[in-house]
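Structure, as structure tokens:
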Amino acid sequence: TDQLLQVEDLDVVLPSGAGAGTVLDGVSFAVDAGRTTGLIGESGSGKTMSAMAIVGLLPPGAETAGRITWRSDDLLAAAARRIRQVRGREIGVIFQDPLAALNPIQTVGRQVGEILRRAGRPRQQVRTRVLELLDRVGIPNPEQRIDVYPHELSGGMRQRVMIAMALAGEPQLIIADEPTTALDVTTQARILRLLADLRDQEGMAMLLVSHDLRVMAHVADDIVVMYAGRVAERGPAREVLEHPRHPYTRALANNVPAVSTKSAIAEPLQGAPANPFDRPGGCAFHPRCPLAVDRCRTDVPVLREVETGRFSACHLAEKVES
Ligand code: SF4
């Protein structure tokens, strides 16, 4: 497959003061053209930080190491100008809370149109294209919605506007950070269907960040499971969810009835998520892991290929049964 984006050995260290520390430690994954990669983990796992690093939106003062290759550029080393050019055009971004991301005092049409103008569309084509985009993302009667303000729309419609904005730059990749978390279940399902349709029809790749395994089970082709700022496991979605090779993934999957169809072992996930600022030694998951052995407390497990295309950072990956 064709790798569009490659994250290699990414470290992110936040500056001293409250919340200082290595929030990402050696994170590696890829997004293939035309596929959806899901980044999953609890809060503090580093999933959002990984996404933000790609589009140059890390907190000020963050130090980074590793490589983020987008086409032929290393985005970690690229100048701020190049990153701004990539973000919003080559890579579209959808955030969790559209109300916070949209400008409250500009109409929907103006905000979508602004991106088209910046991308160099002739002025006289902008309105028509905005209408097309609103229609494309499933907003009914675009002619009546183009001149409204964000607060006049429902949460689901606002998220569709965000998606229209992300599409306006004709990106090859869309990064969506918890795009459905703020929505009710029915609306969530519709937005997820829309994202899946866009991937299939426009041939776009997607990096979907979510804490919700059900969301992942629906849309992701590949899954990256993160824990305490490291990758715990990755591989094709179905295989990862049905035959986890890491005890953390297994615990996550077993807690979601829709995912764990034939799972024999139902063990609740014990304890609190690891704090990436005060990561347990060895395998960060060891205080919660039912399989932990002595070496788990001292040796950090490296991410290794345990089967073709399946990577796990567990000393006992071969012994994990679904
Ligand atoms: Fe559990 Fe040890 Fe594997 Fe970590 S390395 S997940 S503690 S068995």
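The numbers here are math on the coordinates, done by the rules we state, and not lab data. Just so it is clear, the model here is predicted, and its values are computed rather than measured. Cβ placement follows ideal geometry from the backbone for every residue including glycine, while neighbour counts extend to all protein chains displayed.
Let me have the 222 nm mean residue ellipticity of the chain computed from DSSP H runs of 4+ only, each contributing -39500 (n - 2.57), with the sum over all residues rounded to the nearest 500.
That calculation yields -9000 deg cm²/dmol at 222 nm.
Given 0.36 nm per residue, what is the gain on full extension from Asp73 to Glu114 after removing their alpha carbon distance, in nm?
In short, 12.1 nm is gained.
Using a 10 Å cut-off around each Cβ, can you sort Glu114, Glu321 from fewest to most neighbouring Cβ atoms? Display every interim value, and only then the final one.
Details: Glu114 16, Glu321 11.
Fewest to most other Cβ atoms nearby, the residues stand as Glu321, Glu114.
Using 13 Å as the cut-off for backbone N distance, which residues of the range 1-43 belong to the label zone defined by a point 7 Å from the Cα of Phe277 along Cα→Cβ?
Answer for the range 1-43: 14-23.
If one computes the Cα centroid of the range 273-303 and of the range 13-62, what distance in Å separates the two points?
Spelled out, the Cα-based centre of one part sits 19 Å from the other.
Given points 7 Å out from each Cα along the Cα-Cβ axis, report the Thr308 to Val256 separation in nanometres with one decimal.
The answer from the label model is 2.6 nm.
Need one number: nm distance between label points at Lys319 and Ala100, each 7 Å from Cα along Cα→Cβ, rounded to one decimal.
It is 4.2 nm.
Whose amide H sits under 5 Å from the amide H of Leu10, counting only residues 5 or more places off or on another chain, with H placed in the peptide plane?
Those qualifying (amide H under 5 Å, at least 5 residues apart or on another chain) are Gly26, Val27, Ser28, Arg67.
Evaluated at 4 °C with a viscosity of 1.567 mPa s, what Stokes-Einstein diffusion coefficient in µm²/s does the range 101-170 have when Rh comes from the Kirkwood expression over alpha-carbon pairs?
111
Please give the peptides 139-150, 116-127 ranked by average Cβ packing (other Cβ atoms within 10 Å per residue), highest first, as a rough proxy for protection.
By packing density, highest mean first, the sequence is 139-150, 116-127.
Can you tell which of Gly229, Met157, Gly56 lies farthest toward the positive end of the dipole of the chain, using +1 and -1 charges on the Cβ of basic and acidic side chains (Lys, Arg; Asp, Glu)?
Met157
What FRET efficiency, computed as 1/(1 + (r/R0)^6) with R0 = 45 Å and r the Cβ-Cβ distance, is obtained for Arg84 and Arg214, rounded to the nearest 0.05?
After rounding to 0.05, the efficiency reads 0.85.
List Arg250, Arg158 from most exposed to least, where exposure is judged by having the fewest other Cβ atoms within 10 Å.
If I rank by nearby Cβ atoms, fewest first, I get Arg158, Arg250.
Share of antiparallel DSSP beta bridges in the chain, in percent to the nearest 5?
Bridges in the chain that DSSP calls antiparallel: roughly 60 percent.
Which order do the peptides 311-319, 204-212 come out in when sorted by mean C-beta neighbours inside 10 angstrom, highest first?
204-212, 311-319
With a bin width of 20 angstrom, please list the P(r) values of the chain as percents of all Cα-Cα pairs, from the 0 bin to the one holding the largest distance.
That works out to 32, 56, 13, 0, in percent per bin.
Taking amide H positions as placed in the peptide plane 1.01 Å from N, state which residues far from Asp212 in sequence (5 or more) or on other chains have amide H under 5 Å from it.
none
Mean separation of Cα pairs under 8 Å and 6+ residues apart, divided by the residue count of the chain: what relative contact order is that in percent? If you can, show how the numbers build up before the last one.
On the way: 644 pairs, mean separation 66.2, N = 322.
Reported as a whole number, the value is 21 percent.
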